[in-house]
Structures are given as structure tokens and as C-alpha cells.
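Bear in mind that the values in this text are calculations on the coordinates, not laboratory data. Model, not experiment: these values are computed from the prediction. As a convention, Cβ positions derive from the backbone with ideal geometry for all residues, glycine included, and neighbour counts pool all protein chains shown.
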Amino acid sequence: MSTRAIPGLLQEIRRYGRFDVSACLNCGSCTIVCNLSTDAASFPRRPIRRALLGLKDSLRASLEPWLCHDCGDCSITCPRQAEPRESMMTLRRYLVAQYDVTGLASKILASTAGEIIALSVVGLFVFALVLFYHLVYKEIPMSVSEFVTTPLGLEHMFPTITYFTMVVFLIPLVLLTLNILRMHRWTMRSMESVKIPFRLYLSEARSLLLHAVSHQNIRKCLQEIHRRRWTKHWLLGLAVSLMLVIKFFFLDWFQTDEIYPLYHPQRWLGYLVAAILIYVPVDILIGRIKKQEEIYKFSEPSDVILPVMFLLVAVSGLAVHVFRYLEFALTAHLLYAVHLAIAVPLVLIELPFGKWSHVVYRPMALYFQAVKERALKEVEAQVERELPERAVAIGA
Ligand code: SF4
Ligand code: SF4
């Protein structure tokens, strides 16, 4: 790994958000107070220093920005208001752009206009696809005027919409897999003097699952509000997972002609998902408006765009549901097109290129870190075992 300093690195990083540590006197209080920082993975000071020194390769090989859970304890403690939490957030955004094999993430994360344009283009494309399907592909092709005036159910879209949903989720899955391979190459390459056995990747796979599901590290942060934050994070994860299960396996629940009775579990599962997808984003947005908590003190536009997208997906989905039950078939049908035009950009843009990508990169980083630490421990243990033998050999 090159330790060459890259002169323009700091300017490049600042394209992705706040990174102003000019007030920092290097006292180290931020690292001391951080409950997630360890000897093996020390932050926030270390990755911030790498950025300041222009050590691009070293920064890209670093997992630390992902091990930070954005709690803000360091910023509260900092005697110079250098806002290390914000710098860590900016580093994560920079790293997402670095991992991205398409180069699109840098356009989206470094520019609000880029993000809005990308979301709008995909939304309009989806809307045009829905129109195209009805005008050309549907068994009985319609004209535009028929499309906007004919009360159709949603079931006529089967099975096309199921295949479409699979493709929509497959695209970010493939992109993120390629990005993770790049992330792995850079971050595990820093272990070039230690060969990591494949069995360690298998035995530590449980840490990947554990962190992806539990987000338990948030609970290690100092302040009480992080328990509440953990609950919201967990609820949002649950709602999104349920939504994915429903979309992949039970999409026809929502599009059959049958009106389910009030006691049917399908209805309550849907209501639970919608309630969480409304409650958590609204709570986040209120927090960002009030700015009372450290984690909401500074907001980048993408910090607002993501919860707004979740909220719009939930509200538009609920609206489709309500109008179907009220038997306003035309309104429900048109609203479904609007719902797709919001939900698809959320998955196609925010997940692989935007703020939502942290849901994949953070557990992967925790996993890679666990593998690294295990590999180092094994090497240390081996050296300890071999030391007496070597001493004897030298003595001899
Ligand atoms: S606590 Fe503040 S001043 Fe001290 S090292 Fe961290 S960022 Fe710099
Ligand atoms: S934001 Fe929290 S987790 Fe991140 S470096 Fe600061 S104290 Fe540590």
C-alpha cells in the first residue's frame, strides 16, 4: 500500500460534506470518549489525520469510518468544536463514492442536484414504463386517454410486476456485490503481510449476520438517547426487511381482487410496515428540524432526502391500499404508478449509490474487521509459540 500523500485529497473529501478540523488541537479526547473505538480500530482521530495528511490509499484501506455509529459523543466532548462526528460522516460518503464501480455515487453524494436529478430520472422512467406496459404490452392495448380513465384492478399486472420487482432488487444487489469486492480488496490488502485463511471468513460470518440484524453497537454509545435511536434503527430495519419479504414472496397479496377482512394477518403486517415507515422518518425529520440532538445538529440534503423517500413510499402505498378498499379503482391504479415511481428510485439510487448504502457497508466493515482481528490474533499466538523454539535455535 502506497503511503504517498495526495495533495488534493482534502478538497476532494470536502465535496462530500463538512470536514473542517482546522480548530482541532489533536488532543485525542474524541477517540478516548468514543465507546466504539478500540486499540485495533482507533477513531475518529486516526482516519481524520489520514485525510489531513493526504494518505488516500491508507484512507481507502481503512474500515474505521464504518465502525463509527454516528452517535456524536466525540463532537460533544471536543473542546474545540471541531465536529469529528461530521468529519466521520463525510469520510463515509467519500468512501461510498470510492467503492462505487460505476462512478455514479460521486455524482449523487457530492451534489444535491445530482441526487435529485437521478431520483427524478428513474422515477419518470418507471412512470413511462408503466404507461408503455398499458399502451403496448398489456393483452388489450389501450390509448393514453383510456389509461387515465379506465378503472383497472392491479391484478392485471401479474406476473410482469413480480419479474420487474426482482430485476429492481437484483440491480443494486449486483452493484453492491461489485463494490464490496473492491472494498474487500482495499481494506484487506492492508493485511498483505498476513495471509487470511478462508476459514476465518466462514467462522466470522456470524458477526456479519449479527451486526446486520441487531445494530448492537449503537447501544454501546454513551448517551441514553442512543437506546432510543437503536430502537428506531432496528424498527426501520425490521420494516424494510418485512417489506422485502412481502415484495418478493407475497406481492400478489396486494394485487388480488379479494378484499381481505380486517382480522386477516396480511392487513396487519402491511399496517405495521407502513406505521414504522411513517413514524421513524417523521421522527428523524422532526429531529433534523429541531437540531436539539447532536446527531441532528448538521444535516446534508441527503440526510433529509432518504427519510422523505421512505415516508413517501409508505404514504403512497397506504393511499393505494385505502383507495382500493374504497373501490376507487382508477385512483388506486394511478396511485400505484406513483408509488412505483417513488419506491423504485429509492431502491435503484439510494441503496447502491446514496446514504442508504450504509446498511450494507457498515455490517460488511464490522465483518472484515472481525476477520482481520482474528487473523492477527492467530499470527500473534503463532509467534508466541515459536519464540522459545527460535530462542533455543539462536542459542544453539
Ligand atoms: S477532541 Fe476535538 S480537538 Fe481533540 S483531537 Fe478530537 S477533534 Fe481534535
Ligand atoms: S460519532 Fe460516536 S461512534 Fe463515531 S467516532 Fe464519534 S463517538 Fe465514536
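Net charge near H339, counting Lys/Arg +1 and Asp/Glu -1 over other residues with Cβ under 14 Å of its Cβ?
Combined, the nearby Lys, Arg, Asp and Glu give +2.
Sorted on the mean count of surrounding Cβ atoms within 10 Å across their residues, most packed first, peptides 66-76, 107-117 read 66-76, 107-117.
Packing here is the average count of other Cβ atoms within 10 Å per residue, and on that basis the peptides 268-275, 311-318, 351-358, 325-332, highest first, run 351-358, 311-318, 268-275, 325-332.
For a 30 Å ceiling on Cα separation, which of these pairs sit above it: K247/K290; K56/K195; K107/K220; K56/K107?
Cα-Cα > 30 Å for K247/K290; K107/K220; rest within.
Taking label positions 7 Å along the Cα-Cβ direction at both F158 and L131, the computed distance is 2.8 nm, reported to one decimal. Note on A319 and I6: the extension gain reaches 107.5 nm, defined as 0.36 nm multiplied by sequence separation minus the Cα-Cα distance. Most tightly packed first, judged by the mean number of other beta-carbon atoms within 10 Å of their residues, the peptides 338-349, 32-43 read 338-349, 32-43. Counting beta carbons within 10 Å around each of M142, M166, M364 and listing the fewest first gives the order M166, M142, M364.
So what is the calculated 222 nm ellipticity per residue for the chain, using -39500 (n - 2.57) for each DSSP H run with n of 4 or more, over all residues, to the nearest 500 deg cm²/dmol?
Numbers: 18 runs with 257 residues, N = 396.
Theoretical 222 nm ellipticity from helices: -21000 deg cm²/dmol.
Alpha-carbon geometry of the chain: the Rg and the Dmax are 24.4, 95 Å, given in that order. What angle do you read, to the nearest 10 degrees and between 0 and 90, between the alpha-carbon axis of helix 358-395 and the longest principal axis of the chain? Approximately 20 degrees, to the nearest ten. For the range 1-41 versus the range 304-352, the inter-centroid distance based on Cα atoms is 39 Å. Neighbour counts of other Cβ atoms within 10 Å put E12, E384 in the fewest-to-most order E384, E12.
Mean-square fluctuations from a GNM of the chain, with a 10 angstrom spring cutoff on Cα atoms, peak among R46, R385, R14 at R385.
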